[in-house]
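The values are calculated or read from the model by the stated rules, or taken from the named source; none is laboratory data. If you're wondering where the values come from, they're calculated on a predicted model, not measured in any experiment. Cβ coordinates were reconstructed from backbone atoms using ideal geometry, including for glycine residues, and neighbour counts include every protein chain displayed. Surface areas here come from the heavy atoms of the whole protein model, side chains and all, with no ligands, DNA or RNA. Shrake-Rupley method; radii C 1.70, N 1.55, O 1.52, S 1.80 Å.
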Amino acid sequence: MRVDVSAVVVSHRSAREALECVKSLRRAFREDGIAGEVIVVDCDSGADQVRLLETAGADLVLPLGENRGYAGGLNAGLATARSFRILLSNADVVFRTGSVVPLLECLDDPAVGVAAPLAFWDPSDRVRLPPGWAPGFLSDFAQLSAGRRLPREELRFASFARETLRLWEHGGDARHLTGAALAVRRDVFDRIGRFDERFPFEYEETEWEDRVLARKLLLRFVPRARVHHLWGASAVANPDTPARRAESRRIYWRRRYGRLGKAILDWASSRGRAPGFPRIAQPHLPARQGAWVAISTNPSLLPFAGAPLEQDFVLPEEIIARFPRAPLYLRVFRASDGRPLQTMVWEKE
């Protein structure tokens, strides 16, 4: 039987989210006339989670005896996938009807190594999640050093904002793609290898995309393909996430920037301070024509989720419910040039 695409969904203590992900993939395949298979990989979540996953309607549920992380889960799924086109997904992604075809069409271009959809943070598709965050020593240092040189930081933000709006609105080639949902041809893995399982949480797709770019293949952002990503849901459900994230960051910094570069970034991280932005009682903003709101957990606002301010903005309850008790920074900026107009901070009680 022909298989147009193999979807690999990785779950760790996210069985309920994975059920919705599989359901959305089945619906997208059916309504778009795609002969697709769905492989769900569980990373040692326990027997109860596996039993629930077995009701999802996937072609294969592959339980792993250890938590090999997102990288290991993807690699395990890839080993069983039958198609030459692979769709890689977190468990907490819901695919819209019409989201898969544009990604597969993009892969028809041999110059493209990876394609990613536009992800929305809320089910009403207003708040857009960042296309990605391109690593680099200076950009990483800037992200960790917020509040020291505000005029320079605002210029850096404006440049990033212009690039982000370009990708959200028009798509095109990017310097990094978020790994929550990616479409890849099998020959790309044959050329550059699979994901490095030494990264326990995050940075696995960053390091892998570094290798994609090194082979002169393109990373393509495709806004016609749209998904809903319950960003933060899986991380909040797993108490070991902060430690695993810190370990991945340590490995990546050391590998990319060397001992000295890592030491400098560690120093910047330890001395970070939040700028004195005014606090707001509720995450509500009035409409402002020609402006957007940037939303980030990082005081540098790099990277950021965003929404147009054509009408009053209220942070959706679905996001607030999943959000931890931590500062959330909101910045109003001008769409024409990315210039910051106002920055505030809100914290969930």
Worksheet item: If you take the Cα atoms of region 75-187, find Rg, then find the Kirkwood Rh from the mean of 1/r over all pairs, what is Rg/Rh?
Response: 1.02
Practice prompt. Rank 267, 252, 7 by how far each Cα sits towards the positive end of the charge dipole of the chain (+1 on Lys, Arg Cβ; -1 on Asp, Glu Cβ) and give me just the farthest.
Written response: 267
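Using the Cα atoms of region 195-349 to build a convex hull, what is its mean projected area in square nanometres? Each step should come with its number before you reach the end.
Numbers: hull surface 47.0 nm².
Result: 11.7 nm².
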Worksheet item: Just the Cα atoms of region 47-123, one point each, no solvent: what log10 I(q)/I(0) does Debye give at q = 0.12, 0.15, 0.19, 0.21 Å⁻¹?
Response: -0.45, -0.70, -1.07, -1.23
Practice prompt. Compute the Rg/Rh shape ratio of region 1-103: radius of gyration over Kirkwood radius, all on alpha-carbon atoms.
Written response: 0.94
Response to the item:
Using eta = 1.002 mPa s and T = 20 °C, Stokes-Einstein with Kirkwood Rh from Cα pairs puts D for the chain, in µm² s⁻¹, at 103 µm²/s
Discussion item. Tell me the Rg and the Dmax, in Å, that the Cα atoms of region 266-330 produce.
Written reply: 13.4, 41
Discussion item. Placing +1 on the Cβ of each Lys and Arg and -1 on the Cβ of each Asp and Glu in the chain, which of 41, 177, 137 has its Cα farthest towards the positive end of the resulting dipole?
Written reply: 137
Worksheet entry | Backbone HN-Hα couplings from phi across region 300-317 [Karplus 6.51/-1.76/1.60, Hz, Gly and Pro as x] | 6, 6, 10, x, 8, 7, x, 8, x, 9, 5, 9, 3, 10, 10, 4, x, 4
Item to complete: Mind listing the long-range amide H neighbours of residue 84? Cut-off is under 5 Å, sequence gap 5 or more, other chains count too, H placed in the peptide plane at 1.01 Å from N.
Response: none
Item to complete: Express the carbon and sulfur contribution to the solvent-accessible surface of region 209-349 as a percent, rounded to the nearest whole number, probe 1.4 angstrom.
Response: 52 percent
Worksheet item: Hey, what do the phi angles of region 172-189 turn into as Karplus ³J(HN,Hα) couplings, whole Hz, using 6.51/-1.76/1.60 and θ = phi - 60°, x for Gly and Pro?
Response: x, 6, 10, 8, 6, 10, 5, x, 4, 8, 9, 10, 9, 7, 4, 5, 5, 5
Discussion item. Could you tell me how many cubic angstrom of Cα convex hull volume region 43-86 has per residue?
Written reply: 74 Å³
Response to the item:
A correct Karplus calculation of ³J(HN,Hα) over region 210-217, with 6.51 cos²θ - 1.76 cosθ + 1.60, θ = phi - 60°, whole Hz and x for Gly and Pro, returns 4, 5, 4, 5, 5, 8, 6, 9
